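Below is one structure, written out as structure tokens; comments come after it.
Derivation of every value follows stated rules applied to the coordinates shown; laboratory data play no part. As the structure is a computational prediction, the values presented were derived from the model and not from experiment. Every residue, glycine among them, receives a Cβ derived from its backbone with ideal geometry; neighbour counts consider all protein chains shown.
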Amino acid sequence: MDRIVFLGTAGGRASVFRFLRRSGGFLLWLSGKLVHVDPGPGAFVYLHQLGIDPKSIDLVVLSHIHLDHSSDVNAVIESATDGGNIRNVALFAPKSAFEGDSRVVLPFIRKRLAQEGFLEERRELSYKDLVVKAVMRHTHHEAETYALLFNERILYVSCALYEERMLEFYPKNVELMIINTTLYKKTKPIDHLTVGDAKKLIEHLKPKKAILTHFGYEFLMKHDPKVVAEELSKRHNLPVVSAEDFMEVRL
Ligand SMILES: [Zn+2]
Ligand SMILES: [Zn+2]
């Protein structure tokens, strides 16, 4: 059955590394395959705590190399491939994750992969029954970051500075839009989405359902994401949910 499970819902350095909530990205079961998106801190442990065998993972995807999205990528691939015994896992990520000074994938882990794919704006990559399209390159603190569309159904809006071209590049009426809403509102110039930005995306692109996640420190300390999501639901007349750690949503 197609479903999504959020391992963690903290976002940004302050809330992830002070452990306000768990992190570790999310799991997506689509067409009988399992994708692990953005395996940040704790991902490896949480997989086991949820009783999910890492060897059942088919594809790992990194939206960008920041540690809250990538720190466990090596441990997850090492366990997914049973220490290199099984070559049945692919990794799609920006080229910067594989090569150069800021790479996060260790060279010996690359050798374990059945396939590697470099995300690029508007490029579509596929593995088994999974198709991942990098619909747009985001502006996000100089890290090569992409919004990702999975099997033309689920749009993952990773960390970003809001830009009007999102409304052109992102598909309309998707089944589910997951939005990394790190900020309640902008108090300093950082490249993250706010509740107001999420509102604009929902209003213009009209997904059938939206999930807010990746909550930053101030958001969690001063506001209740649940209340924010309820307000958005009422205003736009569609289900908007604030993600909780280990929350499961059936698709
Ligand atoms: Zn982030
Ligand atoms: Zn980031």
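Using a simple charge model, +1 on the beta-carbon of Lys and Arg, -1 on the beta-carbon of Asp and Glu, nothing else, what dipole does the range 3-250 show about its Cα centre, in debye to the nearest 20?
Working: 34 positive and 31 negative charges, 80 e Å.
Dipole about the Cα centre, nearest 20: 380 debye.
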- Message: If you average the C-alpha positions of the range 129-188 and of the range 1-74 separately, how far apart do those two centres end up, in angstrom?
- Response: 17
- Message: Only counting other Cβ atoms within 10 Å, I'd like Asp129, Asp2 sorted with the fewest neighbours first.
- Response: Asp129, Asp2
- Query: Over the chain, what is the mean sequence separation of C-alpha contacts under 8 Å (at least six apart), divided by residue count, expressed as relative contact order in percent?
  - Reply: 18
- List every residue whose amide H lies under 5 Å from the amide H of Phe26, counting only residues 5 or more places away in sequence or on a different chain, with H placed 1.01 Å from N in the peptide plane. Leu7, Val37
- Can you put Ser70, Ser233, Ser96, Ser63 in order, fewest other beta carbons within 10 Å first? Ser233, Ser96, Ser70, Ser63
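I need the per residue convex hull volume for the chain, using only the alpha carbons, in cubic angstrom as a whole number. Kindly include the intermediate steps, with their values, before the conclusion.
Working: hull volume 27.5 nm³, N = 251.
Once divided by residue count, the hull of the chain is 110 Å³.
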- Quick one: if you stick a label point 7 Å off each Cα along the C-beta vector at Asp53 and Lys128, how many nm between them? 1.2
- Message: What does the extension gain come out to for Ala14 and His141, with contour length at 0.36 nm per residue minus their alpha carbon separation?
- Response: 44.2 nm
- Mind listing the Cα extents of the range 120-251 along all three principal axes, in Å, largest one first? 42, 34, 28
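If we count every other residue with Cβ under 10 angstrom of His236's Cβ, Lys/Arg +1 and Asp/Glu -1, where does the sum land?
On the way: positive: Lys199, Lys206, Lys234, Arg235; negative: Glu203, Glu231.
Cβ neighbours under 10 Å give a net charge of +2.
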- In what order do Ile52, Ile202 fall by count of nearby beta-carbon atoms within 10 Å, going from fewest to most? Ile52, Ile202
- Percent of beta bridges antiparallel (DSSP, the chain, rounded to nearest 5): 50
